[in-house]
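Read the structure below first, then the notes.
The values are calculated or read from the model by the stated rules, or taken from the named source; none is laboratory data. Small disclaimer: the values here were computed from a predicted structure and weren't measured. Glycine gets a Cβ as well: all are built from the backbone with ideal geometry, and neighbour counts include every protein chain shown. Protein only, heavy atoms only, side chains kept; ligands, DNA and RNA dropped before computing areas. Shrake-Rupley method; radii C 1.70, N 1.55, O 1.52, S 1.80 Å.
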Amino acid sequence: MPNKKNVTVKILLLLLLSDILETFIHFCFKKSVLTQADFMVRTLSDAFTFSKAAFSSPFMWAGLMAVAVIFIVWSTILSKIDLSVAIPIASFSYIFVPLTSLIFLHEKISALRWSGIFMILAGVILVFLSSHNKKSGFL
Amino acid sequence: MKINILFIIFLIFISSLCDVIRELSLKSAINSLNFNVDGIKKVFIFIMKVIALPKAWMAFVFSILSLLIYLFVLSKADLNFAFSLDSMHYVLIAIASHLILKEKFEISRWLGTILIVLGIIAVSMS
């Protein structure tokens with residue numbers, strides 16, 4: 001039985017890739033519905049019209065393509081580590097988005113946001129360490 | 001006209017629940033395969049085996065469901081608000097992994113998960 005539950009550098013890179021894809025998917029889906037923010041969905045046929053408009057956006061299709069790729073990456077990750085480790089570690093996209101807007105868009109990061117970033121980082125490190133078998137070496 | 005905020009919260013909760021079911025069924029499908037994935041060729045065979053499993057399709061159906069609800073929520077609510085509420089699925093998945101998948105937890109894993117949720121809320125709210 002393949003019982004290698006430790007998070008290796010390779011798995012961390014895969015988690016990083018899935019995070020980047022996840023961010024990209026969020027961006028695409030938001031873009032695809034942004035044009036119809038005022039649309040009121042009251043009935044089922046409204047919902048159908050809404051979905052039809054969303055699916056006519058190229059962003060929607062780019063997002064769906066990324067979903068297929070993320071499925072392959074994510075399945076590979078899950079074959080190697082616990083779900084309760086993979087999910088929390090995958091949360092570092094919440095750190096990337098503010099940091100990239102700091103570096104590339106020169107946005108200011110508030111004190112509350114910094115404290116949030118550090119909490120996420122501390123949480124990820126805790127979960128990461130909890131996945132490590134004491135007997136086996138680090139990484 | 002404004003949609004009731006409670007209704008939005010309810011929808012985000014349902015979408016989170018769909019996410020939990022998706023991750024659980026996918027993980028349990030992969031666990032049942034017991035396949036050692038190493039190398040690109042093996043990844044291909046592995047994915048073929050995964051998509052042959054009914055549980056993987058259940059995961060797919062719940063992804064679509066979650067996506068549709070989330071799309072609707074995004075068109076109505078602020079992304080930050082949606083993100084911070086959606087972070088509750090971290091805790092739900094941790095509980096479900098422990099109870100259903102029988103994953104062994106140390107205190108540090110619980111603590112880490114809770115810290116992440118608090119962090120996400122702080123990042124989203126500011």
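In table form, for the structure just shown:
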{"quantity": "Search result, residues across the stretch A:41-90 that are touching a residue at least 40 places away in the same chain (Cβ under 8 Å) and more than 17 Å from A:Thr8 (Cα to Cα)", "calculated": "A:Ala66, A:Val67, A:Val69, A:Ile70"}
{"quantity": "Selection count, the stretch B:36-48, where residues are surrounded by fewer than 16 Cβ atoms within 10 Å (Cβ to Cβ) and not polar (S, T, N, Q)", "calculated": "8"}
{"quantity": "Among the residues listed as B:Phe44, B:Phe35, B:Phe105, B:Phe81, the single one being free of Cβ contacts under 8 Å to residues at least 24 places away in the same chain, more than 15 Å from the chain's Cα centre (by Cα) and closer than 27 Å to A:Met119 by Cβ", "calculated": "B:Phe105"}
{"quantity": "Residues (open to solvent by 30 Å² or more (accessible area, probe 1.4 Å) and either modelled with pLDDT under 90 or among the acidic types (Asp, Glu) (or both)) located in the stretch B:11-35", "calculated": "B:Leu33, B:Asn34, B:Phe35"}
{"quantity": "Condition met for B:Ile120 (at the interface with chain A (Cβ under 8 Å from one of its Cβ atoms), within 17 Å of the chain's Cα centre (by Cα) and either buried (at least 19 other Cβ atoms within 10 Å of the Cβ) or in contact (Cβ under 8 Å) with a residue 12 or more places away in the chain (or both))", "calculated": "yes"}
{"quantity": "Criterion (touching an Asp or Glu at 6+ places or on another chain (Cβ under 8 Å), within 30 Å of B:Ile107 (Cβ to Cβ) and facing another protein chain (nearest Cβ under 8 Å)) met by exactly one of A:Leu83, A:Leu112", "calculated": "A:Leu83"}
{"quantity": "The one condition in (1) open to solvent by less than 40 Å² (accessible area, probe 1.4 Å); (2) within 10 Å of chain A (Cβ to nearest Cβ); (3) under 14 Å from the mean Cα position of the chain (by Cα) that B:Ser66 fails to fulfil", "calculated": "(2)"}
{"quantity": "Residue ranges of helices (runs of 4 or more DSSP H) in the stretch A:71-139 with at least 1 members surrounded by fewer than 18 Cβ atoms within 10 Å (Cβ to Cβ), modelled with pLDDT of 85 or more and out of contact with any Lys or Arg (no Cβ under 6 Å at 6 or more places or on another chain)", "calculated": "A:111-130"}
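This table checks each residue for (1) more than 7 Å from chain A (Cβ to nearest Cβ); (2) modelled with pLDDT under 85.
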site: B:Tyr70; (1), (2): yes, yes
site: B:Ser75; (1), (2): no, yes
site: B:Ser84; (1), (2): yes, yes
site: B:Glu106; (1), (2): no, yes
site: B:Arg109; (1), (2): no, no
site: B:Ile114; (1), (2): yes, no
